[in-house]
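Readers should treat all values here as calculations from the given coordinates under stated rules, not as data from a laboratory. Predicted model, so just to flag it, every value in this text is computed and none were measured. Neighbour counts are summed over all protein chains in view; Cβ atoms, including those assigned to glycine, are modelled from backbone coordinates with ideal geometry.
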Amino acid sequence: MDIKLCYFFISAIVILLFCNHINIANSQNVNKPPLKIGLTVWVPNFLAFVAQDKGFFKKNGVDVNLTLIQSYNDAVNSYSNGDLNGVFIVYSDAIIQHSSGIDTKVVYNVDSSYKADAILGNGNNLTDVKGKKIGVDGINSLSHFFVLKSLERVGLGEGDVQFVNVPVQNITSELQGGKIFAGHVYSPFITDALKKGFKILSTGASVPGIITNVLAFHSDAVGQRPQDIQNIVKSMDEAKKDYEINKDQDISIMSKMSGLSKADILEGIGNVKLYDLGYNNQFSMNNHLNQTTSLYKSGSEIAKFYAERGVISEYPNISELVDPVFVNALLKLNNTR
Amino acid sequence: MKIRSKLIVILIPLVFLSIFLISYIGVVNFTRSIQSEIINELKLVAINLMDKLSRQMFERTADITFLSNNNILSNPNITLSEKMNYLRSMERAVKAYSSISIYNKSGFKIGDTRNVLIGDNDYQQKFFQEAIKGKTYYSPIPTLTKSLNQYVIQFSAPIYGKNKEFQGVVVANYPINKINDIFNKIISPRNQIDVNSNLIKLDLISNNGTIIYSNYDRKSILHTKPEIQQLVSKHMIQSDLNLINNNVDNSILNGTELFVSASQGDGYLDYKGSGWILILRENTGAVFSDVQNIVNQSIFASTIIIIISIIIILLIARNISTPISKLMKKVIELGKGDYYSKIEINSSDEIGELARQFDLMRQELNKVNSNLNKLVEERTSELKNANEVLKSKEDNLRKLNKELINADLAKEEFMSMVSHELKTPLVPARGYLEIMLRQKKTGILNDKQKKFVDVIYRNILKLEYLVNDVLEVYKLDIGKLRFSKKLENINDLMKSIETESRILIMDKKIDLTFKVLTDKNDYILCDIKRIEQVFSNLIKNSMDFVPLDLGKIIITVDRHEDGKSIKFSVYDNGPGIPAEEADNLFQKFYQIDTSETRKHSGTGLGLVICKGIIEAHGGKIWIDKEYTTGASFVFTIPLANGNEKGGLDITL
């Protein structure tokens, strides 16, 4: 064998080996899989469809794979199983996920329930429920906490009312049957209860930030692809702004993508308060704000509630859970432009 | 087979085999150690988890015992509302309960920290029945509470009044997600396995097979699963295995899963255990996919090592064989006589040394060879020069010879011409002299005239003889003398010769004796006239030398000693011939210078003619030197016995 041929073989092997390593190193940057995000059937989440349909994700250079999951629990399970990189989730559930060992980062506060959650019942105001039975969708659940927080605002405590565990879809019938005096109802069951003549005693607007919807990602996804996460947040903000300008167009997109009627979309969005980057920065992700509009504050209260009632075993570190980096960075970018 | 091929054939399989063996042993050992590591790890994890669970259960047992024993719940002076607030504050402190309820002695729920389903009667419930008996109870299987719509483990204990009378029951609902939390945070003591990944299947089952917790199949919780039942029955997991004694060596490789179980054993302190069993399974496929990766890597590495080894072997083989091949080629060239091409092998090993020594040898050979060549060249050129000299000498000689031959021819021509020209006038001169001597026509001559004419006549005759002899010799020399050879009987021949000879000496007083000793049938091939001439010459020669009165001539004929020829001898009693003169006598015009001779006639050509005739007959003539009493001429003629008779006319 010619000596030159031998050298050629040896160097070819060495080069091959190096190439192999380089490929592994580069593959993370070059062949990134799309980020899988789960959407629950909660209308504000559909802004993500707008971001996708209008090419905001693409424009911002992020590849996103959106999946609409009909059952909320399935979506949460998919997230905890790791099938999804991120999920639009109720903040309290993000806390449960995080405290049960699934490292999570809340990167964006999409909306808060204003009219989407309400305590309906007999009587004229919430103080009328004292000593009466009140239905909640799960003892020691967020529903329970929402009612307790609402009661707290009118000076009532846990001992002042009797709680009854009633699934939300049964509240109206239980009210009608007189088994409960009031109950926590949320969209779309509110309309039905109102039709039956029950009155709204309190809404989510009274306790802002308690029932709030966030975009959460697994911590490793955030750690590995921060730029992509930032671009998603940016796209969501752009979609929110776009919605304000092209409401009809975007409602059509959301309707088409989700299969809900335009009316449902409109109602769904009307029941919440949509947040943008500025709100996120000023309120949701403001660590120093001592009110429940801050995810830090509401998170601590929810966590305390869950821990005391054995729902979670450990207090989550809310500072670890809420990640304001992207919101802040984007805002800084916007300001400098 | 060449050295390179041999090296390759031996080394490559050797390298292959050794790398394969090393890899195989390495992989097998690695797999085994990984397997046992994982089993040990799983065991530790199982033990730790069960220990943690038992401690947690003990704490709950302690809580309910405390609530049962303290006086607050049984104190009639404390309102129910205050009691509930007390319980709520305790809940907040313990952070373990969904709710705590108080029942009166009839089984009605009179208080609940969640204010749920107050007034419900749970008298028939097991927790109540057990509490009535005065026991602290905990449900071994989680139950779904109507009030919370949750699965909880109920801890119940009786409440006694001051006089130890039964007042009611306190129930603490411990949600199963608290158990989940224990298992959610599995700690791998040695970090050998990724316990939080989905690779480990964790099932906590009650002693009747109900799944209390499952980390991979949440829907199976509080159900039984045939898969788990089979596992339990197959491996006969003993629920009374002692956890403290670390007696959890039920590590069984169940098909594709590594399988470890741990029972609760004796529980922890006051908590005596619920008879739960923890089953940990790790999918070997998942575990060994890592191993497979490592195996693949090692195969990849081995392949590279093998490739590099092959290249190195090829290089080594080449390194070894190339100089040898080169050397061999050079040796072959050297064998064919190429001493000039240098053997250059740049190697410091034995082959290099061999090549160097061989090159020295080649140089020596080259030197010797070139010296030899030089020498040969020198000799060749010398020979060439000598040859040229010889050639020129030969040319000279040839030239000289030619000149001599020409001169000889001229001489012979001259002689012949002279003889002929001499003879021509002699014939008429002799004729006229004979006429004069007959005295018929010329008249009678006086004595004086007669004497003078006679002298002239005799001298003319002599001259004629001489001229004839000279002509004969000349003819002999040029080969023009004619012979008419016939087979002649020796006896007949000798008779004829005797007759002739006697005529020759008729008036002389010479005793002529003939001795013919040959066989009567002996023949020779001869020209009888010429043989007679020979005898005539020899006898005449003897006659000239024998004494005048007592002359004696003896002629003998006999077979020669060789038996192949006839020897003829002519002896006389003359003065003899000196030995030193004997050979010269056969030369032309040679006569022994004696007074005697001169006295007698003789041309000096007689013997020359005899020699020519004898030699023309294939014989020899010589003077017998041993005969000292006179002269003796001997000649031989080859015997021709048996040859066909008849004439031959041969010209020599």
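Along the charge dipole of segment B:16-96, which of B:SER68, B:VAL27, B:SER89 sits closest to the positive end, that is, farthest toward it, with unit charges on the beta carbon of Lys, Arg, Asp and Glu (+1, +1, -1, -1)? Towards the positive end, the residue furthest out is B:SER89. Exposure proxy ranking for B:LEU433, B:LEU585, based on other Cβ atoms within 10 angstrom of each Cβ and starting from the fewest, stands as B:LEU433, B:LEU585. Holding the Cα-Cα limit at 25 Å, pick out from A:LYS115/A:LYS247; B:LYS393/B:LYS620; B:LYS495/B:LYS567; B:LYS475/B:LYS588; A:LYS105/A:LYS262 the pairs that are longer than that. Where the Cα-Cα span goes over 25 Å, the pairs concerned are B:LYS393/B:LYS620; A:LYS105/A:LYS262. The shape of segment B:2-44 comes out prolate: with a ≥ b ≥ c from the C-alpha gyration tensor, a/c is at least 1.5 and a/b beats b/c.
The 3J(HN,Hα) values that the Karplus relation (6.51, -1.76, 1.60; θ = phi - 60°) gives for segment A:173-183 are, in residue order, 5, 5, 4, 5, x, x, 6, 10, 8, 8, x Hz. Gly and Pro appear as x.
Every Cα-Cα pair of the protein assembly as shown was included, and the share exceeding 56 Å stands at 55 percent.
Model label sites at B:PHE514 and A:LYS256, defined 7 Å from Cα along the beta-carbon direction, differ in position by 17.2 nm.
Counting neighbouring beta carbons within 10 Å and listing from fewest to most, the residues A:VAL166, B:VAL427, A:VAL214 come out as B:VAL427, A:VAL166, A:VAL214.
Using a Gaussian network model of chain A in which every pair of alpha carbons under 10 angstrom is joined by a spring, one finds that among A:ASN271, A:ASN77, A:ASN45 the greatest mean-square fluctuation is at A:ASN77. Electrostatic tally near A:ASP63: other residues with Cβ closer than 11 Å to its Cβ, Lys and Arg +1, Asp and Glu -1, net +3.
Report the calculated FRET efficiency for B:ILE304 and B:ASP349 (r = Cβ-Cβ distance, R0 = 41 Å), to the nearest 0.05. The calculated FRET efficiency here is 0.90.
For chain B, the 222 nm mean residue ellipticity estimated from helices alone, with every DSSP H stretch of n ≥ 4 adding -39500 (n - 2.57) and the total spread over all residues, rounds to -18000 deg cm²/dmol. For chain B, the Cα gyration tensor yields ellipsoid semi-axes of 178, 25, 18 Å (square root of five times each eigenvalue, largest first, whole Å). Which Cα, out of A:ALA239, A:PHE326, A:ALA221, lies furthest along the positive dipole direction of segment A:179-337 (beta carbon charges, K/R +1, D/E -1)? Looking along the dipole axis, the top candidate is A:ALA239. GNM remark for chain A: springs join alpha carbons under 10 Å apart, and the peak mean-square fluctuation among A:PHE198, A:PHE217, A:PHE49 falls on A:PHE198. If you take every DSSP beta bridge fully contained in segment B:456-607, what fraction is antiparallel? Give it as a percent rounded to 5. Roughly 60 percent of the beta bridges in segment B:456-607 run antiparallel, per DSSP. With a Förster radius of 30 Å applied to the beta-carbon distance between A:SER173 and B:ARG92, the computed FRET efficiency rounds to 0.30. Among A:HIS184, A:HIS144, A:HIS288, the largest mean-square fluctuation in a Gaussian network model of chain A, built with springs joining Cα atoms closer than 10 Å, belongs to A:HIS288. The amide H of B:LYS552, built 1.01 Å from its N in the peptide plane, has B:ASP511, B:ASN573 as neighbours under 5 Å, considering only residues 5 or more places off or on other chains. Here the sum of -39500 (n - 2.57) over DSSP H runs of 4 or more residues, divided by the residues of chain A, equals -14500 deg cm²/dmol at 222 nm, to the nearest 500.
Largest first and in whole Å, the equivalent-ellipsoid semi-axes of segment B:352-391 read 38, 4, 4, each the square root of five times a Cα gyration tensor eigenvalue. Compared with the direct C-alpha span, the chain from B:ASP395 to B:ASN48 gains 111.7 nm at full extension, assuming 0.36 nm per residue.
Qualifying trypsin sites (Lys or Arg not before Pro) in segment B:436-489, where qualification requires a DSSP coil assignment and no more than 15 other C-beta atoms within 10 Å, comprise B:LYS440, B:LYS441, B:LYS480. Placing a pseudo-label 7 Å from each Cα along the Cα-to-Cβ vector at B:GLN297 and A:ASN334 gives an inter-label distance of 4.6 nm. Taking the square roots of 5 times each eigenvalue of the Cα gyration tensor of segment B:431-556, largest first, gives ellipsoid semi-axes of 34, 21, 13 Å. Rounded to the nearest whole Hz, the Karplus-based 3J(HN,Hα) values (6.51 cos²θ - 1.76 cosθ + 1.60, θ = phi - 60°) of segment A:39-50 follow the sequence 10, 8, 6, 9, 3, x, 4, 5, 4, 5, 5, 4, with x at glycine and proline. For segment A:251-337, the dipole from Cβ point charges (+1 on Lys and Arg, -1 on Asp and Glu) about the Cα centre works out to 300 debye, to the nearest 20. What does the net charge come to around A:PRO188 if you take all other residues with beta carbon closer than 9 Å to its beta carbon, with K and R at +1 and D and E at -1? Charge balance near A:PRO188 sits at -3. Placing +1 on the Cβ of every Lys and Arg and -1 on the Cβ of every Asp and Glu, with no other charges, gives the protein assembly as shown a dipole of roughly 880 debye about its Cα centre.
In chain A, Cα pairs under 8 Å separated by at least six residues give a relative contact order of 25 percent. Each Cα pair under 8 Å and six or more residues apart adds its separation to the average, and for chain B the resulting relative contact order is 9 percent. Computed about the Cα centre, the dipole magnitude for chain B is approximately 1860 debye when only Lys and Arg (+1) and Asp and Glu (-1) carry charge, each at its Cβ. Think of the protein assembly as shown as having a plus end and a minus end, set by charges on the Cβ of Lys, Arg, Asp and Glu; of B:PRO575, A:LEU156, A:GLY121, A:GLY121 sits farthest toward the positive end of this dipole. Couplings 3J(HN,Hα) of segment B:91-96, computed from phi: 4, 4, 6, 7, 6, 9 Hz, in residue order, whole Hz [Karplus 6.51 cos²θ - 1.76 cosθ + 1.60, θ = phi - 60°; x for Gly and Pro].
Among the DSSP beta bridges whose two residues both lie in chain B, what percent are antiparallel, rounded to the nearest 5? Percent antiparallel among DSSP bridges in chain B is about 90. Listed from fewest to most Cβ neighbours within 10 Å, the set B:THR136, B:THR322 follows the order B:THR322, B:THR136.
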